[in-house]
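Written out below as structure tokens is the structure these notes cover.
Coordinate-derived values only; no laboratory data. Source: prediction; values computed, not measured. Counting neighbours? That spans all protein chains shown, and the Cβs are built from the backbone with ideal geometry, glycine included.
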Amino acid sequence: MITAPSRTARIALLGTFGALLAAGLALVATGCTDTVAAPGIGSSAQTTDALAVLPADADVYGMTNLAEARDSQALSAALGGTGLGMVSGTGSEDFEEFMRLTGFDPNEDLDRVYVAAREGQPKRAAFVAYGRFDRERIEQYVSDQTDVTFEVSEIDGVPVYLTTSEDGERGGFALANDEMVLAGDEATLADMIRRLGTTAGPADAELQALFDRVAFPDGAWFVARGFDRAGLQVPDDAPPSAMAARAADGFVVSMNFEGDGIPVRAFLQTKPEASTDDVADVVRGGISAARIGMKDQPSALDVLDRVEVEAEGDGVRVEGYLTQAFLADAHATHRAGGR
């Protein structure tokens, strides 16, 4: 959630993007994943353009299709018709003023968000968002702010808005056009702007192999690579279930927003020395353990009963399905926790 998005357009946009990434990673943590051949991330114009400008050396890439999520009957029913709830302006007159003056409502006007991040450098995450942005009204809103200092400039003819945080970090956003916004730290943002209009993407052979495992290119997907390079450490005395993490070299998860629920498919790419059959057994064991821990939650048991796990090629495929009942229960638990 965004605590005070209306104070600046940067906080509104970047805060929304961060909330979306957190929501996507929360879905990844459900542990449901893939058993069929994946079509890859697709070749839509937005995906092509986004990957062309995002950093080529990132360890994690992701996309969430918010337009599809908004149209999902399953999500709508599970959330009680309250919408995705990406941004909460409850009790905030400033937030209402922000929407009125800019004509931008993050809950309705964001269609797709792409993210790229480097391990150990969370402040250098880069974002590309597609939607409906009235540049003139947003620019006017930013220029009228008196409690936040923005440095307004241009890079290759693209308006850029930068501000400095309390810890001295400089970042902001750029309005590429009325349908595309870029966001990140100052250096990353400048590099992204210079790549606008190019077609080269970050898909080296290592990354392309993971992109090819994306099952739902137009729903939501996240790809992580180079776990060893990222410094993932699993203690020797960790429980047996940690073997899957110790054996992993890359991970892919994708999901689709359907009328009755959300199919979730994933692929755990293992290291060459790892036994994919052993890793698959560990994953199955983890699912069995989860069933014991959720024995009093019928909707969760229904989801776990549908999970299929198979060793395939250089990794393990898993497939699951998040039912409308499970989504509704998860939303109720989330609200009861006050989060």
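List of remarks:
- Sequence-ordered 3J(HN,Hα) estimates for the stretch 107-118 from the Karplus curve with 6.51, -1.76 and 1.60 and θ = phi - 60° stand at 5, 10, 9, 8, 9, 9, 10, 10, 9, 9, 9, 9 Hz, glycine and proline given as x.
- For the stretch 205-336, the antiparallel share of DSSP beta bridges with both residues in that region comes to about 100%.
- Spin-label pair Glu169/Arg70, simplified geometry with 7 Å Cα→Cβ offset, distance in nm: 2.9
- Ranked Ser143, Ser76, criterion: other C-beta atoms within 10 Å, fewest first: Ser143, Ser76
- All-pairs Cα distance distribution in the stretch 255-311, expressed in whole percent, bin size 10 Å: 20, 42, 31, 7, 0
- Cα-projected label distance for Arg335 with Glu108, points at 7 Å along beta-carbon direction, nm: 2.1
- Stretchable slack from Leu301 to Val152, in nm (0.36 nm times residue separation minus alpha-carbon distance): 48.3 nm
- By the Cα gyration tensor, the stretch 205-336 has an equivalent ellipsoid whose semi-axes, rounded to whole angstrom, run 26, 19, 13 from largest to smallest.
- The stretch 205-336: relative contact order in percent, alpha carbon pairs under 8 Å with at least 6 residues between: 23
- Full extension of the chain segment joining Asp134 with Glu179 gains 15.3 nm, where the gain is 0.36 nm per residue of separation less the Cα-Cα distance.
- Taken one residue at a time, the phi angles of the stretch 219-225 give Karplus couplings (6.51, -1.76, 1.60, θ = phi - 60°) of x, 8, 8, 9, 10, 10, 10 Hz. Gly and Pro are set to x.
- The label point for Asp212 and the one for Asp191, both projected 7 Å from the Cα toward the Cβ, are 2.6 nm apart.
- Taking other Cβ atoms within 10 Å as a rough exposure proxy, Ile287, Ile155, Ile262 sort from fewest to most as Ile155, Ile287, Ile262.
- Theoretical gain in end-to-end length, Glu96 to Ser288 [0.36 nm per residue, Cα-Cα removed]: 64.4 nm
- Rounded to whole numbers, the Karplus 3J(HN,Hα) couplings from phi for the stretch 57-68 are 9, 6, 9, 10, 10, x, 8, 10, 8, 6, 5, 5 Hz, using 6.51 cos²θ - 1.76 cosθ + 1.60 with θ = phi - 60°, and x at Gly and Pro.
- By the count of other C-beta atoms within 10 Å, a proxy for reagent exposure, Lys295, Lys271 are ordered fewest to most as Lys295, Lys271.
- Cα centroid separation, the stretch 151-188 to the stretch 272-339: 40 Å.
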